[in-house]
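One structure is given here, and the rest of the page talks about it.
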Amino acid sequence: MQAFFGLEVTGVLDNETVEVMKAPRCGVSDISRYGHFDGKPRWEKRQLTYRITQYTKDLTQSQVDAVIAEAFQLYSDVIPLDFKQINSGTADIIILFKGGYHGDFYPFDGAGGVLAHANSPGQRQGGDTHFDDDERWTLTQSGVNLLLVAAHEFGHALGLDHSRDRGALMYPTYQYVNTNGYRLPEDDTRGVQALYGSRTTVPTTAPKPKPPPGPDPGPEPEESAEDPNPDPLPNPRNEQCSRGLVFDAATSIRGDLFFFKNGYYWRKSRAAIGIRFTKVKTKWSQINYVDAAFEVPSKDVVYLFEGGQYWGIRAYAKTVIPGFPKSLTNLGLPSSVSKVDAAVYVPTTRKTLIFVNNQYWSYNQGRNQMDIGYPRYITQDFPGIGSKVDAAFENYGYLYFSNGPRQSEYYLPYRRVMRVLLNYGWLNCY
Ligand code: TQI
Ligand code: ZN
Ligand code: ZN
């Protein structure tokens, strides 16, 4: 307990400890809602190492490594600290999973109750974080979600006490929230930035991402003029974890998420934690770049757009359906539209939204025809997402609209943006 509150761990019930025990945990009269520990302990260096000395039985080691890195990254996104995993030697933050007695004064209590604890910043055990391995640790909504609890504990390990803001990660009750593209809530961000300062802000100007559409292959590749598959846009692999990452297109395919850029895509698998990076042409030889993509799960078909054409792909086999490509005019788009920016199928309405510049069309997937009254202005019908959509997809009932490096999580029944994320938040960056 002394360690929790940033006191020297003596095991003795001294006056200071009694004062801390008497102090109300969550009712401190502080203008802000976040809290710091008494004496405001914090780390005095910019790079912290961590080491996981004992893993849980519930997840694979690489799953744990990835989630722990993701939880640290929530903080390194907003404060100028970096976290590095090491596998030997002495780390600043030691992490372990163990049930019951595990070497400190705070044995765990079996399933339920206390889930984990972390020491506040400091020498020796400072920052150390322990997870009760009698809990069922998961990456989902069931059991106890490791990302959310680890992120909460690392808040303590960085010097945050509990917050009175119900939306805060440091609010002292466990509540599941969708962890895809999760970012540190605002209150916690302010709390941790009050200790460490802020990392330079998100770039607001997006790099120029779009390839020239149509048959013109664009500039010659630098490597070889003889290259039969000219590849004029840079390989975006190294941009995967750039805060400024802009997508060309995105779609779900059978629960996995595909993010397209410059003729490549990242595939985020629902089942495994890994991300695969592939050149579009090696998968679909007729397609160079994907401008837009959408999935109609009920038909098990995915549509990929390039310039004035689109292809139907069997989601199961990932093969092109005979009869494609077709022209955009086939969908009922006017011939003045030479390419589309983004497309997304909305299962609840059975409509596909097709975005072009600052407008969108609505295609009735049941009747196979364009709805009348379109195009309409994006800002009119989707307030808050911006006036242009680079990429759009649906995931667990939410629509995600990317505009530059930012992405809006939109909930159609409420017709409002629930959260603003960054594109790269989907790509397991650590
Ligand atoms: N563990 C408590 C916690 O982390 C331990 C604790 C109580 C504590 N007071 C503290 C740790 C002060 C540091 C400083 O809050 S817990 C939650 C939440 C727990 C609780 O197992 O009860 C989470 C672990 F917030 F949901 F209540 C993780 Cl997210
Ligand atoms: Zn412990
Ligand atoms: Zn806590």
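Miscellaneous remarks
- D_trans [Stokes-Einstein, Kirkwood Rh over alpha-carbon pairs] for segment 285-430, 37 °C, 0.692 mPa s, µm² s⁻¹: 209 µm²/s
- In this simple spin-label approximation, ASN358 and SER198 carry label points 7 Å from Cα along the Cα→Cβ vector, and these lie 2.8 nm apart.
- Mean Cβ count within 10 Å, highest first, over the residues of peptides 100-109, 292-301: 292-301, 100-109
- Virtual spin-label span in nm between THR348 and TYR414, 7 Å along Cα→Cβ: 1.1 nm
- Extension gain for LYS40 to TYR106 (0.36 nm times residue separation, less C-alpha to C-alpha distance): 21.5 nm.
- Rounded D (µm²/s) - segment 15-196, Kirkwood Rh over Cα pairs, Stokes-Einstein at 20 °C, 1.002 mPa s: 129 µm²/s
- Eligible lysines near LYS57 by straight Cα distance, threshold 26 Å, same-chain separation 8 or greater: LYS84, LYS98, LYS268
- Extension gain, ARG367 to VAL296: 0.36 nm times the residue separation minus the Cα-Cα distance gives 24.2 nm.
- For segment 92-183, the set of trypsin sites (Lys or Arg not before Pro) satisfying both a DSSP loop assignment and a count of at most 14 other C-beta atoms within 10 Å is given as ARG124, ARG136, ARG166.
- Distance between modelled label sites at SER336 and THR319, nm, 7 Å Cα→Cβ extension: 4.1 nm
Coordinate-derived values only; no laboratory data. Bear in mind that the values here come from a model prediction, so they are computed numbers and not experimental data. Counting neighbours? That spans all protein chains shown, and the Cβs are built from the backbone with ideal geometry, glycine included.
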